[in-house]
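Worksheet: one structure, shown below.
The values are calculated or read from the model by the stated rules, or taken from the named source; none is laboratory data. Note that the coordinates shown come from a computational prediction; the quantities given were computed from them, not determined experimentally. Reconstructed Cβ throughout: ideal geometry from the backbone, glycine too, with neighbour counts over all protein chains shown.
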Amino acid sequence: MLGRLARALLRLFFRVEVRGREHYAAAGERVLIVINPGSLLDPLLIGALLPDRITLAVDRAVARKWWMRPILALTDTIQVDFSAPTSTLSLVRAIETHKRCMVFHGGRFQNDPRFMRILEATGLIAEKARATLLPIRIDGAAYSRFSYFRHKVRLRWFPKVTLTILPPQKLEAPADLPPRQRRHHTAVQLYSLMTDLLYGSTDISRNLLQSVMDAVAVYGRSYTIAEDQDRHTLTYGELSLKFQVLGRALGRVFAGEERVGFMLPSSLPGVVAFLGLHVTGKVPAMLNFTAGAAPVTSGCRTVGLKSVLTSRKFIQLGDLQPLENALREAGLRIVYLEDVAADLSLGDKIGGFAAAWLRRAPRTPAEAPVAILFTSGTEGMPKAVFMSHRNANANREQMLSIVNVNAGDRLFNCLPMFHTFGLGIGTLLPLVSGMRVFFYPSPLHYRIVPQLFYESLSTVICGTDTFFAGYARYGSPYDFFNARLVIAGAEKMRESTAATWKEKYGVRMFEGYGATETSPVIAVNTPANNKPGSVGRLAPGMSYRLKPVPGLDGDEGENVGDLWVKGDNVMLGYMRAERPGVLEPPVDPDAFPADDSGDGSAGWYDTGDIVHVDAENFIFIKGRAKRFAKVGGEMISLAAVESALRDLWPDATLGVVAVPDARKGEQLVLIIEGEDVSTGRIAAHFAAKGLSPLWTPRRILSVKHAPVLGAGKFDYMAAKRMAMENAAD
């Protein structure tokens, strides 16, 4: 009677729908139900809507809550202390007697410091009882008034709720694992299953401004969301008003232009301008103003830009007049943010105020580009990477599914907005998630950044190993006392950097891995789930393939190769300098031919990294398949450097290799047949061509006979050995 009443009320108010009932029947009799915890409604939904009466394992403290009474009436209950073996045994016996069981501990599992222990106990229960796991994804309940995410998402009284019963699974662990490792192995499998369920229940179909307006509704107009080094702050109300007003003026200035060059630093005006361009559907093309004139102007031609939005103050402070002149000479119109702000019309102000007050946002499709970023190409010219609103939303939700950050945290972002890490994680994630963000325009100020991190009471910071090594050298021991999460990416995290941070600041660093083409995160280590030497586990919602590399000898057997990834966060595609205006989606039919499963060649991105992926989906990078170097976190094409050097020595046999560098991550070494070679001459030549100073080789080895292969090609392996031996000497 009570069950029928509960089902009727749930269907009346939440329009509940249950899908995949055939999987419920296929699970058998010994079943452990696994859900994505999202609200206090979860056990009520499971207890009322599944065909059989389930056994609910409940934390003792939660079982005493008054709101648990109707739930307990619908289920058989076992009060559990997950640290006590006797509680675990009672649940094992329940499953063995052919009952269907579910664990409920009354909270979002990422926010519970005990959750890995709970997962270990749950995995042990399933294994001991030889139970089948039945994943059930609950969509919609997390947006109700009973949500665990009440400070993260826009809540509604009665959202539509859907229960999707997924195919049953079995926990599998190698038979020879010791008991403790076996428990951990099953816990990791459960963790992966639950994060996939959590990510799968998120809504990534909104565009950026819709997501920002949702955040305004959740946190309120008076909530302070951003701050800069001048101690200026923006509340959500001020932010939405400013970008709505400015956006109308920008739409008038750039009328008829689909894409606009964007050359502003990480700052409050930069954020307002970025969002303002989206008010009238303009796509910001994020220009890397540190790359030199030649790559920047090439990128502008590739995507067909007519205008560049920048700031007079920024041009002056950044000594960017040569780049500004190069852009003008290339036929681009330079528009200054100060001039646009000074020419706001009454209509801009009234329309912007109304839109901000009513929380209006354009109906731009989620599949449309949210930004264009640039990365180096194999021939030295930049490729344009088109990132969609859906890509950015997906990567944000992937991160929030595995990293325990919330509105109580403060993120310190000193990475530039033209960098995918600085844009996707450093800017868009906090703005949409209610995490206060502190903007600083440069990560290279090694004395200032630690001081500002301390003064801003920040708790989270992301950057490269090079930057963190600099902060460790110049910061004071108390500067990072409040740091709760430090993530290094874009280049390999050195053990010496992590050890210094641990010793000096008492902070543990975690390494992540990503690419511009994946918006950016592919994998990340977290406090709850990490493995030394790895760059983390594959993000939820992503799949991978390893393309065999001829001649590669791996100690790990066949699970080594060139890493290809696929997921909602993988870019829309490239535009290349050779084919300007033509968008090439991520697909390689030769690498992965289409198959009957439908998981063929479309949507796969080649990372260009040789990796090993272990049984728990932790990724270990072994080397680079493509000839690139990362110097100070910036990607540099070795082929492009060689091409520029041949302007000076067209007949010489030469090659450039990358070797480890204690400060920059990697350094370039030139091996050349010749004597009249100097770094000064190279640097002057590169500056005249508008190329980045990072392209200049740090060391030069002049040799009588450069190493070549039998076919006459340059022997890079031998050259790298020479460079390493020379460094040792």
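General observations
- Evaluation of Gly514 against (1) buried (at least 24 other Cβ atoms within 10 Å of the Cβ); (2) of a type outside the set (Val, Ile, Thr); (3) at pLDDT 95 or above (one fails), failing number: (3)
- Output for segment 351-368, where each listed residue is surrounded by 13 or more Cβ atoms within 10 Å (Cβ to Cβ), out of contact with any Leu (no Cβ under 8 Å at 6 or more places or on another chain), of a type outside the set (D, E, K, R) and not in a helix (DSSP H, G or I): Ala366, Ala368
- Test: Ser211 is in contact with a helix residue (DSSP H, G or I) (Cβ under 6 Å, 6 or more places away or on another chain), buried (at least 22 other Cβ atoms within 10 Å of the Cβ), hydroxyl-bearing (Ser, Thr, Tyr) and within 18 Å of Met387 (Cα to Cα): yes
- Selection over segment 650-684 of residues that are more than 14 Å from Ala706 (Cα to Cα) and either surrounded by fewer than 16 Cβ atoms within 10 Å (Cβ to Cβ) or under 37 Å from the mean Cα position of the chain (by Cα) (or both) gives a count of 20.
- Members of segment 214-240 that are surrounded by fewer than 22 Cβ atoms within 10 Å (Cβ to Cβ) and among the aromatic types (Phe, Trp, Tyr): Tyr219, Tyr223
- In segment 665-701, residue nearest to Phe714 (Cα to Cα) [restricted to those that are of a type in the set (Gly, Ala, Ser) and in contact (Cβ under 8 Å) with a residue 12 or more places away in the chain]: Gly674
- Helices (runs of 4 or more DSSP H) fully within segment 622-729 counting 3 or more residues that are at pLDDT below 80 and within 26 Å of Ala293 (Cα to Cα): 638-645
- Complete set of residues in segment 433-446 that are under 16 Å from the mean Cα position of the chain (by Cα) and surrounded by fewer than 24 Cβ atoms within 10 Å (Cβ to Cβ): Met435
- Taking segment 5-57 as the range and being among the charged types (D, E, K, R), touching an Asp or Glu at 6+ places or on another chain (Cβ under 9 Å) and within 27 Å of Trp157 (Cβ to Cβ) as the test, only Arg11 passes.
- Segment 497-537, residues that are in contact (Cβ under 8 Å) with a residue 40 or more places away in the chain and of a type in the set (Ser, Thr, Tyr): Tyr513, Thr516, Thr518, Ser519, Thr526, Ser534
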